[in-house]
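A short worksheet on the structure shown next.
The values are calculated or read from the model by the stated rules, or taken from the named source; none is laboratory data. Keep in mind it's a predicted model, so treat the numbers as computed, not measured. Neighbour counts are summed over all protein chains in view; Cβ atoms, including those assigned to glycine, are modelled from backbone coordinates with ideal geometry. When the accessible area is computed, the model is the full protein with side chains, heavy atoms only, and any ligands, DNA or RNA have been set aside. Shrake-Rupley method; radii C 1.70, N 1.55, O 1.52, S 1.80 Å.
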Amino acid sequence: MNAPQTIAAVDVMTIQAQLPAPVIFGEWIMRHREFALVRVRSSAGLDGYAYTLTRDGAVAEQIRKMIGPIYVGTAVGAQERTFTIAWRRSLASHAAGIGLRALSIVDLACWDLAAKAADQSIAGLLGGSNKSMPATAIVGYPPGTMGPEETGAQTKDLYAKGWRRFKTPIAATPERTSGRLRAARQAAPDAWLGLDAAWVFDDVEPAADLVNALEDVKLGWYEDVFPPGNAGLLRELRKRTSTPIAMGDEQGGSYYPEALIALDAVDVVRVDLTCMGGISRGRRVIDQVLEAGLQFAPHMFPHVHSQVLSALGYTEAPIEWGVPNTGVHPMDDSLPRPAIRDGRMDPLPEKPGFGELVDAAWIRSQPHDDPSGILKDL
C-alpha cells in the first residue's frame with residue numbers, strides 16, 4: 001500500500017510576458033504582463049501547477065516568505081483545510097490583495113496536484129465533467145493601435161469562425177471607444193458585445209455620458225467602470241443607465257462581494273479564482289452571488305475557469321479568451337484552444353489535473369526569474 005503523499009515543496013517563478021504594444025488605460029500603463037507560476041511538488045514527485053497575473057505585485061515573495069512554509073508537510077488532498085490555516089495564519093495580508101492572490105494560486109496548484117494524485121481530471125475530482133460553454137473573444141487589443149476599422153475586421157473574422165460574444169476595452173477617447181464598438185456591432189449584428197472600462201472613470205457623470213451615448217450599440221454590460229472600493233458610486237451609475245453593470249476583476253477578499261450586493265450596485269459580479277481564493281474559497285463567492293439573485297461571470301484564465309465551473313454545473317458562465325498574440329493574456333496563447341461552434345466552446349480534453357497549463361518553450365522565450373529551477377524539469 002502506498003504511503004499518503006505530502007507536499008514536499010512549493011516553488012514559484014515569474015514571467016514578464018512581452019506585449020506587441022503598450023496597453024494604456026489612463027494612468028495605468030502596461031509594458032508587459034507579469035505572471036507568477038507556482039509548482040507544488042509532492043513527496044512522490046508529482047507536480048501541480050497554477051498561474052496568475054501578479055499585476056506587478058510581490059506575489060512570489062509572499063509565497064516564498066509566508067505561504068509555502070505553511071503548506072510544506074501537509075497532506076495532498078487536504079487543500080481546503082490547509083487553505084483555511086494559511087488564510088487565518090495572517091489575515092492582515094491574506095484576507096485580500098496580493099496575499100490572497102498568492103494564496104489563490106497555491107490553492108489551485110494544490111487542487112491540480114490532488115487531481116493528478118487521484119489520476120483524475122480537475123472536473124472529475126470536483127464531481128463533474130468538462131462541457132460546452134459560451135465563449136467570449138476579447139477584441140480590440142492593443143487598444144492604442146486598434147482603431148474602429150481594425151476592430152471591426154477582427155470581429156468580422158472571428159464571427160465567421162463561430163464566435164458570438166465579444167468584449168472590447170475602452171480606448172483613449174470617447175469618440176474612439178464609440179467608433180470601435182459600432183464597428184464591432186456592424187460586424188456582428190446579433191452578437192453579445194461588452195465594454196471593459198478598465199477603471200478609468202472617477203465620476204458618475206462622464207461614465208454615464210459614455211454608456212448612454214452607446215444605447216444604439218446595445219451593450220451586454222459595462223464593466224469595471226470605477227476603481228475598486230466605492231460600491232456607492234457604482235450604484236449611482238446603475239441608476240443612470242439601462243446597460244447592465246459588471247464589476248469585480250482583480251478583487252476578492254474583504255467585503256467582496258458583500259458590498260456590491262448590499263448596495264445593489266451591480267447586475268453581474270466578476271469572479272476570478274486565481275485571485276479570489278482559488279477553488280477552496282472561490283466557491284463561497286459564487287454562492288453569495290447566486291443567493292443574492294445576481295449573475296456571475298469569470299475573468300480570463302479560460303483553462304481554469306471552464307473546467308472548474310463546468311464541473312460545478314455552471315455551464316452557461318461565459319468563458320473569456322484572448323485573441324492570440326494581441327497582448328490580452330499571453331500565458332494562455334500557446335495552450336490548447338477549443339473549437340468554437342455557434343458561440344460555444346467545445347469542452348477542453350479531460351486529462352489529469354488541469355491538463356496542459358504550462359508551455360515551457362514559450363516561458364523560456366520571455367524574460368523570467370526562476371530561482372527554484374522550475375523550468376529545468378519541464
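A few notes on this one:
- Residue, farthest from residue 297 (Cα to Cα), within segment 222-243, restricted to residues that are open to solvent by less than 40 Å² (accessible area, probe 1.4 Å) and assigned to a loop (DSSP other than H, G, I, E, B): 241
- Yes/no for residue 170 being closer than 30 Å to residue 45 by Cβ and not small (Gly, Ala, Ser): no
- Selection from segment 307-331 of residues that are among the small types (Gly, Ala, Ser) and open to solvent by 10 Å² or more (accessible area, probe 1.4 Å): 311, 313
- Those helices (runs of 4 or more DSSP H) lying entirely in segment 1-120 with at least 3 residues open to solvent by less than 50 Å² (accessible area, probe 1.4 Å): 59-62, 68-71, 79-89, 97-117
- Each residue in segment 97-147 was checked for being under 25 Å from residue 36 (Cβ atoms) and of a type in the set (S, T, N, Q), and 3 pass.
- Residue that is nearest to residue 232 (Cα to Cα), among those in segment 160-218 that are in contact (Cβ under 8 Å) with a residue 60 or more places away in the chain and open to solvent by 70 Å² or more (accessible area, probe 1.4 Å): 172
Rundown of residues vs (1) open to solvent by less than 30 Å² (accessible area, probe 1.4 Å); (2) free of Cβ contacts under 8 Å to residues at least 40 places away in the same chain, yes/no style:
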| position | (1), (2) |
| --- | --- |
| 278 | yes, no |
| 293 | no, yes |
| 305 | yes, yes |
| 362 | no, yes |
| 367 | no, no |
| 377 | no, no |
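- Test: residue 352 is open to solvent by 60 Å² or more (accessible area, probe 1.4 Å), touching a helix residue (DSSP H, G or I) at 6+ places or on another chain (Cβ under 6 Å) and at pLDDT 95 or above: yes
- Hits in segment 131-145 - residues which are surrounded by fewer than 23 Cβ atoms within 10 Å (Cβ to Cβ) and assigned to a loop (DSSP other than H, G, I, E, B): 131, 132, 142, 144, 145
- Residue list for segment 146-178, filter: under 22 Å from the mean Cα position of the chain (by Cα), part of a helix (DSSP H, G or I) and not polar (S, T, N, Q): 158
- Single condition residue 255 does not satisfy, out of (1) assigned to a loop (DSSP other than H, G, I, E, B); (2) crowded, with 24+ Cβ neighbours inside 10 Å: (2)
- Of the residues making up segment 343-353, not a single one is within 17 Å of the chain's Cα centre (by Cα), charged (D, E, K, R) and outside any strand (DSSP E or B).
- Residue in segment 94-115 that is without any contact (Cβ under 8 Å) to a residue 40 or more places away in the chain and closer than 23 Å to residue 271 by Cβ present: yes
- Every condition in (1) within 21 Å of residue 272 (Cβ to Cβ); (2) modelled with pLDDT of 95 or more is met by residue 91 except one, and the failing one is (2).
- Selected residue (only one of 219, 181, 195 is in a strand (DSSP E or B) and farther than 19 Å from residue 333 by Cβ): 195
- Residue satisfying all of: in segment 332-349; open to solvent by 30 Å² or more (accessible area, probe 1.4 Å) and in contact (Cβ under 8 Å) with a residue 60 or more places away in the chain; nearest to residue 305 (Cα to Cα) among these: 347
- The set of residues in segment 222-257 that are at pLDDT 95 or above and charged (D, E, K, R) comprises 223, 224, 235, 236, 238, 239, 240.
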